Amino acid sequence: MEKITIYTDGACSGNPGPGGWAAILMFKENKKEIFGGLKNTTNNVMELTAVIEGLKSLKYPCEVDLYSDSAYVVNAFQQGWIYNWLKKNWKTAGGDDVKNKELWQELYSLTKTHKVNFIKVKGHSDNEYNNRCDELARSAI
């Protein structure tokens, strides 16, 4: 299984408001940047969309180190929230519907195709790829 690195970021001007997402995919010495946006969205939707679009652009099952500055995305997997939501039929611990359920379902399904290692990075820091994703996401707003 090929090993791929993906950096992702989402941004919003207002929350909700116009938003952008970006992903940088790296394989060996190849690098590909993808990005897009929506007119009326939220920061969390853009963070999820960046991860989904990054994974969807892979042509075959891969092992992925996925770097995101979104605690919302990373913690859902690292802390097992998503598995509890699944068990509870997409309900939170408090019994409410999981926000952005369709995006979470799509992302979960992609983690069945790819072996994804979610890694939290500090946002707006000294990570060149995270900063580039932020720049791309903001330009897509």
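Scanning segment 50-64 for residues that are acidic (Asp, Glu) and surrounded by 15 or more Cβ atoms within 10 Å (Cβ to Cβ) yields a single hit, Glu53.
Every residue, every condition in (1) hydroxyl-bearing (Ser, Thr, Tyr); (2) under 17 Å from Gly123 (Cα atoms); (3) in contact (Cβ under 8 Å) with a residue 60 or more places away in the chain, yes or no:
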| site | (1), (2), (3) |
| --- | --- |
| Gly14 | no, no, no |
| Pro18 | no, no, yes |
| Ala22 | no, yes, yes |
| Phe35 | no, no, yes |
| Thr42 | yes, no, no |
| Glu47 | no, yes, no |
| Val51 | no, yes, no |
| Asn75 | no, yes, no |
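Where helices (runs of 4 or more DSSP H) fall wholly inside segment 1-102, the ranges with 1 or more residues that are aliphatic (A, V, I, L, M) and over 27 Å from Glu128 (Cβ atoms) are 81-87. Mind checking whether some residue in segment 90-97 is surrounded by 14 or more Cβ atoms within 10 Å (Cβ to Cβ) and in contact with a strand residue (DSSP E or B) (Cβ under 7 Å, 6 or more places away or on another chain)? Checked segment 90-97: at least one residue is surrounded by 14 or more Cβ atoms within 10 Å (Cβ to Cβ) and in contact with a strand residue (DSSP E or B) (Cβ under 7 Å, 6 or more places away or on another chain). Name every residue in segment 16-42 that is surrounded by fewer than 16 Cβ atoms within 10 Å (Cβ to Cβ) and either acidic (Asp, Glu) or farther than 17 Å from Val116 by Cβ (or both), in order of residue number. Selection gives Pro16, Gly17, Lys28, Glu29, Asn30, Lys31, Lys32, Glu33, Lys39, Asn40. Restricting attention to segment 103-119, does a residue exist that is loosely packed, with under 14 Cβ neighbours inside 10 Å and at positive phi? No, segment 103-119 has no match at all.
Any read-out appearing in this document is the output of simple, stated calculations on the displayed coordinates, not a laboratory observation. Treat the numbers as computed from the prediction; the structure is a model and nothing was measured. Methodologically, a virtual Cβ is constructed for each residue, glycine included, from the backbone with ideal geometry; neighbour enumeration extends over all protein chains shown.
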